[in-house]
Amino acid sequence: PDHDGRYVKQILHDVALTSVYLRIAEPVIIVASELPWGTQYRLKAYPIDARNQFDFMTDLTLRGKEQLSQRGIRFAAVPAIADMQPH
């Protein structure tokens, strides 16, 4: 909850721009929304080839988490809820 959103947006933008899968001709868009448990960031960009969509998403997710962690940005954590069904 206590982070600089503009800084996070710049980090994620840089992560997208350095992906080997990025289609440079398309814009990179970062969307932030506030949810009850924290701020959600969504990165919208396009891969060079649609067949690489899953590799691209994985690349952005893993490198984005790595870069944010290295800069001390904490992630929201929701506790796991055990089976909530009555027995």
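Only the coordinates and a few stated rules stand behind these numbers; no lab work does. Keep in mind that what you see is a predicted model, and the values were worked out from it rather than measured. All Cβ positions, glycine included, derive from the backbone under ideal geometry; neighbour counts span all protein chains shown.
Using the Karplus equation 6.51 cos²θ - 1.76 cosθ + 1.60 (θ = phi - 60°), what ³J(HN,Hα) coupling, rounded to whole Hz, does each residue of region 51-57 give in order, writing x for Gly and Pro?
5, 9, 4, 5, 4, 5, 4
Which of SER19, SER33, SER69 moves most in a GNM of the chain, Cα contacts under 10 Å?
Answer for the Gaussian network model of the chain: SER33.
So what's the back-of-envelope 222 nm ellipticity for the chain, counting only DSSP H runs of four-plus at -39500 (n - 2.57) apiece and dividing by all residues, rounded to 500?
Details: 2 runs with 31 residues, N = 87.
Estimated from H runs of four or more residues: -11500 deg cm²/dmol.
Apply 1/(1 + (r/R0)^6) to the Cβ-Cβ distance of GLN70 and GLU34, taking R0 = 35 Å, and write down the FRET efficiency to the nearest 0.05.
Details: r = 24 Å, r/R0 = 0.69.
Once rounded, the FRET efficiency stands at 0.90.
Taking θ = phi - 60°, what integer Hz values does the Karplus form 6.51 cos²θ - 1.76 cosθ + 1.60 yield along region 23-35, in sequence order, with x for Gly and Pro?
Karplus-based 3J(HN,Hα) across region 23-35 equals 7, 4, 5, 9, x, 9, 10, 10, 10, 10, 9, 9, 10 Hz.
Sequence-distant or interchain residues sharing an amide H contact under 5 Å with ILE30, placed H: which?
Sorted by chain and number, the residues that satisfy this are LYS44.
Quick one: among PRO36, PRO27, PRO47, which has the greatest mean-square fluctuation in a GNM of the chain with alpha-carbon springs under 10 angstrom?
Result: PRO36 has the largest fluctuation of those listed.
Taking H placed 1.01 Å from N in the peptide plane, check which residues at least 5 places from ILE48 or on another chain put their amide H under 5 Å from its amide H.
Long-range HN contacts for ILE48: LEU22, ARG23.
With an 8 Å cut-off on Cα pairs and a minimum separation of 6 or more residues, tell me the relative contact order of the chain in percent.
On the way: 80 pairs, mean separation 24.7, N = 87.
Normalised by residue count, the contact order of the chain is 28 percent.
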